[in-house]
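Everything on this sheet refers to the single structure shown next.
The values are calculated or read from the model by the stated rules, or taken from the named source; none is laboratory data. These figures come from a predicted structure and were not determined experimentally. No Cβ is skipped: glycine too gets one built from the backbone with ideal geometry, and neighbour counts run over all protein chains shown. When the accessible area is computed, the model is the full protein with side chains, heavy atoms only, and any ligands, DNA or RNA have been set aside. Shrake-Rupley method; radii C 1.70, N 1.55, O 1.52, S 1.80 Å.
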Amino acid sequence: MALALHIPRLETERLILRAHREEDFRVEAEFYATEASRFVGGPVPEHKTWRMLAMMVGHWAFRGFGFWALEEKETGRYMGRAGLWFPQGWAEREIGWTLMNHATGKGYATEAALAARAHAYDVLGWDTAISQIAPSNTASKAVARRLGASFEQMHQDPEYGEIEIWRHLAPAEIVNGGLEAYA
């Protein structure tokens, strides 16, 4: 008997945000074998990448939200993941993003995070969200700024150590940022 999860499919101008599929694993494993994965727990061997991906799918079962796989509309290529995150012990509910090496520098993280935030606020009714960002992760800080988030404080994360908390705009502070903008 298979577990049936409802993972909504979202679309942006260039991306499809969908449930993860087993074939996404190979691209994730290649990413997690590189130093580029250092801000998200890597580098790690393939068996740990498999468990991490399974955990992301399981997060949907436990919380009713999670990370979406990012698929480029034009090519069908797996570009990374973005979504909503709140595992046990996390500071607060988070909007997060991780792009594969071939997908960086194209605005995909911002595009996907905007759609994820709109879902969190418009569908799930969140009134706030954070992003946890490693102090030296300048690319993620740039994405957070483009989203309108601002640095709030340092936080001691039990897994990642000293981490920055970036606070996103509240729903009432967002202009033209609802889910309908990404349909």
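Qualifying trypsin sites (Lys or Arg not before Pro) in the stretch 1-87, where qualification requires a DSSP coil assignment and no more than 10 other C-beta atoms within 10 Å, comprise 9. Full extension of the chain between residue 104 and residue 77 yields a length gain of 8.4 nm, computed as 0.36 nm times the residue separation minus the alpha carbon distance. For residue 11, the residues 5 or more places off, or on other chains, whose built amide H falls under 5 Å of its own are 17.
In a DSSP loop and with at most 14 other Cβ atoms within 10 Å, the trypsin sites (Lys or Arg not before Pro) in the stretch 87-132 are 106.
Ranking 71, 173, 92 from most to least accessible surface, computed with a 1.4 Å probe over the protein chains only, gives 173, 92, 71. Ordered by 1.4 Å accessible area with all protein chains kept, 79, 55 run largest first as 55, 79. Remark on residue 79: its backbone amide H falls under 5 Å from those of 70, 71, 72, a criterion applied only to residues 5 or more positions apart or on other chains, H modelled at 1.01 Å from N. Residue 40 exposes around 40 Å² of accessible area when a 1.4 Å probe is run over every protein chain in place. Mean sequence separation of contacting Cα pairs (under 8 Å, at least six apart), scaled by the length of the chain, corresponds to a relative contact order of 18 percent.
Looking at the chain, the accessible area is 51 square angstrom per residue; that uses a 1.4 Å probe and ignores ligands, DNA and RNA. Stokes-Einstein, applied to the Kirkwood radius of the stretch 63-141 over Cα pairs at a viscosity of 1.567 mPa s and 4 °C, places its translational diffusion at 98 µm² s⁻¹.
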